[in-house]
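What follows is a short report on a single structure.
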Amino acid sequence: MVTKLGAWSPVSEAAVGFALGAVGGCILGATEDPVDKTLSMMTSADLLKPVMEEVRTVGALGLGTLIGATALTTAMTSVVAGVILAAAITSVFVATRSCGAHHTHSAGLWASAGLAGAFGTTLSGATLGVAIEWIVKNYGMVGLLWALSIFSIVKPPLHFVFKVLWKQGEACCTLGSTVWVRERKQIETEELQQKQKMALRIENWILTLENGENTSETEHMTMWAAERRQREEMERKKMESEEAQMNQRTIQDWINTVVVKHVDFLAFSGIPMTVVAIVTSGFGVFGYGGHQSVFIVLLALVSIIAYLLLNSSDFKFWMLVGCMGMLATFVIALLTLHAGQVVATTAMKMREAGQSQSREQISARMNHDSSVEALNAAFFVAKLCQLGLGAAVGGPLVRQAAGESKVIVGAALVAGGLLVGVEALAPVLGDGGKAGALLGVVGAAGVSLGAVAAVAGQWSSWPGTLGTLAGLVIGALGMGKWHIVNIGLQVPVTYVFAMINPF
């Protein structure tokens, strides 16, 4: 992009950057109000009751870690599902060469892949949201703990099976594609025919000279010029075919890398936070949820796991995100515990002022505030996770020369369309399904934001970079009803993930 836009003036770069940034910012801001409304419904009295009843079972710290790990697992799974579906569509396009020789710039390719990815993310998010809501209502938080544990155990074996199936599918697509073979045979046939014609003409010319017949110099030169043009045209076709085949192999290798990295990410990144959730919730199940030792064990466990992962000699992307998810789960647990302690402190102050409350009232209030805080914090962290992982897709896409405007505007349009669709299907999806689907929409918006961040870092002048960032912030604040704190946290996270190269 720098080479393409390097000749632009700083003012032009700033104007174009502002426009592209505003598109990404607007779609981020557009998700704020629907997410807030959904979260308000999830924390209403009827939907909050099953969660409040389980605080006594797993404890405040256990509730925070369990809800946080579940929300982050949902976000990660839905993003990976969308990426895999988009990669599958792209791989079929490339393998069958459906998008022509210059497939890396094909609008049909990127549009199909983008729609498939966004739809897959949203659908998987909605499905997981419905499943989680059903488990909590029927089996409580203990049932959710079992479901999360089983899912974490099953993922690593399934990821090996998926890799085998993906390689077989790629081999089938490659073997089934006869386009390159047919084109190579056609070029070889034409080249052979041209050589035969050339040999025949040379032979006739030699016979003519041997017979002493006169030959026209003009006709001779015209014949040789035509032969040279045909030979050059044949060489050009051959080079274009080889270049297109090389481009196909390059993009197919990149797709394979993306799929392998994301499957590894899904299989292993959730293990640290799941272990933390199991241990802290386990203390609660055995009657020690409110004991001070739980916090000490939780802090020690997080520190040990983080040290082991970050100190690994073969550090991978999933280890980084796994540590971040575990730390986010730890923070959610602390916020959940703090909300209950605030209620207890307030009750003590009221008692000293002569306004005593019964123990049941204080306990009910502590459970309510802890549950609300756990849901609020977990959903916000899940949204940050979706934005970050979406940005980790959008940034590399721009750096792979997919076209910055295609990625930014295309992802924003798809996210906007899905947002309208989710709102229209809200009665069918239910509260859990709508919450999961909205996380998927946020992931699609994250792709646009990641592309904006990548563009901001590739301009050849500071006005272009600052203009892009200004458009992003202003668009997000304008459409997001000036939620300064939320957007102020989301934009840096998006930028950091967009600059990471997980592949």
* To do: Any chance you could give the angle, 0 to 90 degrees and rounded to 10, that helix 217-268 forms with the longest Cα principal axis of the chain?
  => 20
* To do: Relative to the longest principal axis of the C-alpha atoms of the chain, give the angle of the C-alpha long axis of helix 462-479, reported between 0 and 90° and rounded to the nearest 10°.
  => 50
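In debye to the nearest 20, how big a dipole does the chain give about its Cα centre with +1 on each Lys and Arg Cβ and -1 on each Asp and Glu Cβ?
Values: 33 positive and 35 negative charges, 205 e Å.
In debye, rounded to 20, the chain gives about 980.
Roughly how large, in nm² to one decimal, is the mean projection of the convex hull of the alpha-carbon atoms in segment 354-419?
Working: hull surface 28.5 nm².
Averaged projected area of segment 354-419's Cα convex hull equals 7.1 nm².
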* **Rg to Rh, two decimals, where segment 438-501 supplies the alpha carbon set and Rh follows Kirkwood** => 0.97
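Express the relative contact order of the chain as a whole percentage, based on alpha carbon pairs under 8 Å and six or more residues apart in sequence. Kindly include the intermediate steps, with their values, before the conclusion.
Working: 758 pairs, mean separation 193.5, N = 503.
Rounded, it is 38 percent for the chain.
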* Asked: How many nm is it between the label spots at residue 163 and residue 405, if each spot is 7 Å from the Cα in line with the beta carbon?
  -> 4.1
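With every protein chain present, what is the per residue accessible area of the chain (1.4 Å probe, Å²)?
On a per-residue basis, 49 Å².
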* Where labels lie 7 Å past Cα in the beta-carbon direction, separation of residue 48 and residue 9 in nm -> 5.7
* Asked: How large is the helix-only mean residue ellipticity at 222 nm for the chain, computed as the sum of -39500 (n - 2.57) over DSSP H runs with n ≥ 4, divided by its residue count, in deg cm²/dmol to the nearest 500?
  -> -31500 deg cm²/dmol
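Let me check I've understood the local charge: for residue 34, count other residues with C-beta under 15 angstrom from its C-beta, Lys and Arg +1, Asp and Glu -1. What total comes out? Provide the component values of the computation, followed by the final result.
On the way: positive: 37, 383, 434, 481; negative: 32, 33, 36, 423, 431.
Neighbour charge sum, excluding residue 34 itself: -1.
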* To do: Tally up the carbon and sulfur contribution to the accessible surface of segment 361-503 as a whole percent, 1.4 Å probe, everything protein left in place.
  => 72
* Structure fact -> Ranked output for segments 433-443, 480-490, 267-277, 19-29 by mean other Cβ atoms within 10 Å, highest leading, reads 433-443, 19-29, 267-277, 480-490
* Asked: Roughly what angle does helix 179-210 make with the longest principal axis of the chain, taking Cα atoms, 0 to 90 degrees, to the nearest 10?
  -> 10
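What is the local net charge at residue 161, summed over the other residues whose Cβ is closer than 14 Å to its Cβ (Lys, Arg +1; Asp, Glu -1)? Don't skip to the end; give the middle numbers.
Working: positive: 155, 163, 167; negative: 264.
Taking every other residue near residue 161 into account, the sum is +2.
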* Pick out, from 435, 449, 381, the residue whose Cα sits farthest towards the positive end of the charge dipole of segment 367-503, with +1 on the Cβ of Lys and Arg and -1 on the Cβ of Asp and Glu. => 449
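Round to a whole number: what % of the accessible area of segment 1-84 belongs to carbon and sulfur, probe 1.4 Å? Display every interim value, and only then the final one.
Details: 2000 of 2990 Å².
Roughly 67 percent, rounded to a whole number.
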* Structure fact -> In segment 322-435, taking the dipole from +1 charges on Lys and Arg beta carbons and -1 charges on Asp and Glu beta carbons about the Cα centre, the listed residue (415, 355, 398) farthest towards the positive end is 398
* According to a simple spin-label model (label point 7 Å from Cα along Cα-to-Cβ), what is the distance in nm between residue 314 and residue 345? -> 4.7
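How big is the equivalent ellipsoid of the chain along its three axes, where each semi-axis is √(5λ) from the Cα gyration tensor, reported in whole Å from largest to smallest? Present the calculation step by step, with values, prior to reporting the outcome.
Working: eigenvalues 707, 121, 65 Å².
Semi-axes (√(5λ), whole Å): 59, 25, 18.
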* Principal axis lengths of segment 316-428 from Cα atoms, whole Å, largest first? -> 69, 40, 23
* Structure fact -> Quick calc, residue 501 & residue 194: beta-carbon distance into FRET formula, R0 45 Å, rounding 0.05, result 0.45
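Please compute the Kirkwood hydrodynamic radius over segment 235-385, one decimal place, Å, based on all pairs of different Cα atoms.
Evaluated on segment 235-385, it is 19.2 Å.
Can you work out the FRET efficiency for the pair residue 243 and residue 482, with r the C-beta to C-beta distance and R0 = 51 Å, to the nearest 0.05?
On the way: r = 50 Å, r/R0 = 0.99.
Calculated transfer efficiency: 0.50.
The values are calculated or read from the model by the stated rules, or taken from the named source; none is laboratory data. Small disclaimer: the values here were computed from a predicted structure and weren't measured. Neighbour counts run over all protein chains shown; Cβ positions are idealised from the backbone, glycine included. The area values use the complete protein model at the heavy-atom level, side chains included, leaving out ligands, DNA and RNA. Shrake-Rupley method; radii C 1.70, N 1.55, O 1.52, S 1.80 Å.
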